[in-house]
Amino acid sequence: MAEDGSWILHLGPDVPSAIADSALPQAWVGRLSASIGTGPTGWAVELSKSMASRIVDTFPELGANGVYHELRRGCEAATMLGISLASGMPVSPLEELPALLSAPSELVSRGLGVDHMLRSIHIGHAVAVQALLAAVESNLPVEERFAEAGRLLTLLSAVAEQLDARLARRFEEVRAAWEASSTALRSRFVNDILRGGPVSMDQAERALGYDLASHHVGVVAWWGDSVDMTPNRMVDLVRTALITAGFGPVLTLPVGQRRVWAWGATQNMTVQPELPPSHRTTGVYLALGEGKSGVDGFRQTHRQAVEASRVATASSRGPRALTRFRDVDLVTMVSADPAAAWEFVNRELGELAATDEMTQTLRSTLKQYLEFDRSLQKTAHHMHIARGTVAHRVSRAERLRGRSVAERRMQLEAALSLIVDFPALLTNASPNGTRDQPL
C-alpha cells in the first residue's frame, strides 16, 4: 500500500468544505479532484493555508493583500503537485502551473528580494514534510512507516529544489524587465510617499505626472481568475473610469500581476468615480477611498481604498463591482485584528454567535430587520416569509443575545455584518489581515 502512495488518496480535510476555500482557479481544482479525489484535494488546501500562515509569521510583509493571494496560490499549487507525485498520479510540468511562477512579479513590484521567495519555499517545505510525516504515522502500519517517510522526504526535497531553481531564474527575468521600465521609477516614488519618507515633491511630481497637492480619491482595482485581463488593460479601464467621472490628472500604478493602484485628482470635492456600465465586467472590482487633500491625503485615501478592498474580497457573497470605504468603514475598523474582531462579535451577540443553522437563520433575519429600520412588513416582504415569522425570529434572537435590539444598535449591526457578510475577516488565515501596504 505504501510503496505506490495510494494511501494518500484516503486523506481528508478537517473541515469538509475546505476545498471551497481554494485560492486556485476552479478548473485546476476540478482537474485535481477528478484525479486524486476531493478528500486529498481538500487536505492539500488546508495544508497550503498552514504553509502560507507560517511564511507570513516569518515575513509579515508577505501578508499584503496581493502578495498574500499569490502566496496562497503558490503554496496550493506546490502542495497539489507534491500530493499528485506522492500518490503516483501524473502531473503537469512546472511551466504548465503558472500559479507556481507568479510570485516573482508580486515581489519585484513591491521591492522585495529573492531571499523572501527562497526562504518561503524552505518554510513551506518544512511545514509540508511535517504534515505528511504525521499523516504517515496516522495511516500506515508501523512496519511501513520508515520506508514511506524516506520516499516522501526524497520526493519533496526534489520538488523544493526544482522550485528553487526555476523561481530564482524567473525572479531574475522579472527583475531585469522591471528595472528597465518606467513603472519601476514611479513605484519607488509612490512607495516612498506612502511610507512617509523624505521625498523631493518636485522630482516626484515630474516622475509621476501628477499634482500631489491636489484633492485626491484613491482607488484599488483587481480582477478574478475567470477574467481575461492584464495589468495594462486594467490601467486603461481604471483611467477611463476616473476621467469619465471628471477626475484628472490620473495616476495609475500596476502592482503585481492582478492589482492596480490609482489616484484621481479633482477640484470638485463632491465628485465620486463610478465604473461606467460599458466598462463593467464580471470579475473586475474597484475599491475607493474618501476624497482627501495634499500629500497626507494621498496616503490616507490610498489606505482607505486598500482597507475597502480587504473587506470586499472577504465578502461571503463575493466582492461588488464598486466598494466605497465610507460604506464599510465600521467593518474595516472592527476587523483589523481577527482575534479582537471575534471577541467583539461574541461580546455583542452572545449566544446569537453560535454556528448552528437555526442561529444563522435568526442572525440573517435580524440583520435584514435592522436594515429595514425594524419594519416587520418590509423585512417579511424582502425575505418572502410571513410577518409573524419575522417577529418570532427577532424575539428569539433578542433572547439569545440577552438584550434588546435597540441596545447598542450600531455595535450590533457591525457584529452582524461581520459574521453574516464577512466571516472570512474573523479567521486567522493571514496574521496581517491580508492587506496591501507600501514596501
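The values are calculated or read from the model by the stated rules, or taken from the named source; none is laboratory data. Quick caveat: nothing in here was measured; it's all calculated off a predicted structure. Counting neighbours? That spans all protein chains shown, and the Cβs are built from the backbone with ideal geometry, glycine included.
Here is the figure for region 130-171: residues that are more than 13 Å from Ala86 (Cβ to Cβ), surrounded by fewer than 17 Cβ atoms within 10 Å (Cβ to Cβ) and not polar (S, T, N, Q) total 15. Among Ala184, Ala158, which is within 30 Å of Ala262 (Cβ to Cβ), free of Cβ contacts under 8 Å to residues at least 24 places away in the same chain and of a type in the set (A, V, I, L, M)? Sole residue among the options that is within 30 Å of Ala262 (Cβ to Cβ), free of Cβ contacts under 8 Å to residues at least 24 places away in the same chain and of a type in the set (A, V, I, L, M): Ala184. Among the criteria (1) among the β-branched types (Val, Ile, Thr); (2) modelled with pLDDT of 90 or more; (3) part of a helix (DSSP H, G or I), the one Ile385 does not fulfil is (3). Is it fair to say Leu212 is closer than 22 Å to Glu46 by Cβ, aliphatic (A, V, I, L, M) and either assigned to a loop (DSSP other than H, G, I, E, B) or at pLDDT 85 or above (or both)? So Leu212 does not fit the description; no. In region 337-384, of all residues being surrounded by 15 or more Cβ atoms within 10 Å (Cβ to Cβ) and of a type in the set (Val, Ile, Thr), the one that is farthest from Ala406 (Cα to Cα) corresponds to Thr359.
Taken over region 14-54, residues that are among the polar types (S, T, N, Q), assigned to a helix (DSSP H, G or I) and under 23 Å from Gly88 (Cβ atoms) amount to 5. Across region 407-416, a minimum of one residue is classified as assigned to a loop (DSSP other than H, G, I, E, B) and at pLDDT 85 or above.
Within region 194-209, the residues that satisfy the criterion of being assigned to a loop (DSSP other than H, G, I, E, B) and either under 29 Å from the mean Cα position of the chain (by Cα) or loosely packed, with under 13 Cβ neighbours inside 10 Å (or both) are Gly196, Gly197, Pro198, Ser200, Gly209. Candidates are the residues of region 41-50 that are touching a residue at least 40 places away in the same chain (Cβ under 8 Å) and surrounded by fewer than 24 Cβ atoms within 10 Å (Cβ to Cβ); the one that is farthest from the chain's Cα centre (by Cα) is Ser50. Of everything in region 299-324, what is crowded, with 23+ Cβ neighbours inside 10 Å and farther than 28 Å from Gln360 by Cβ? Give them in sequence order. The answer is Thr301, His302, Gln304, Ala305, Val306. Based on this model, can you work out whether Ser120 counts as within 23 Å of Met80 (Cα to Cα), over 24 Å from the mean Cα position of the chain (by Cα) and among the small types (Gly, Ala, Ser)? So Ser120 does not fit the description; no.
In region 97-114, the qualifying residues are those that are of a type outside the set (A, V, I, L, M) and modelled with pLDDT under 75, and the one that is nearest to Trp43 (Cα to Cα) is Pro98.
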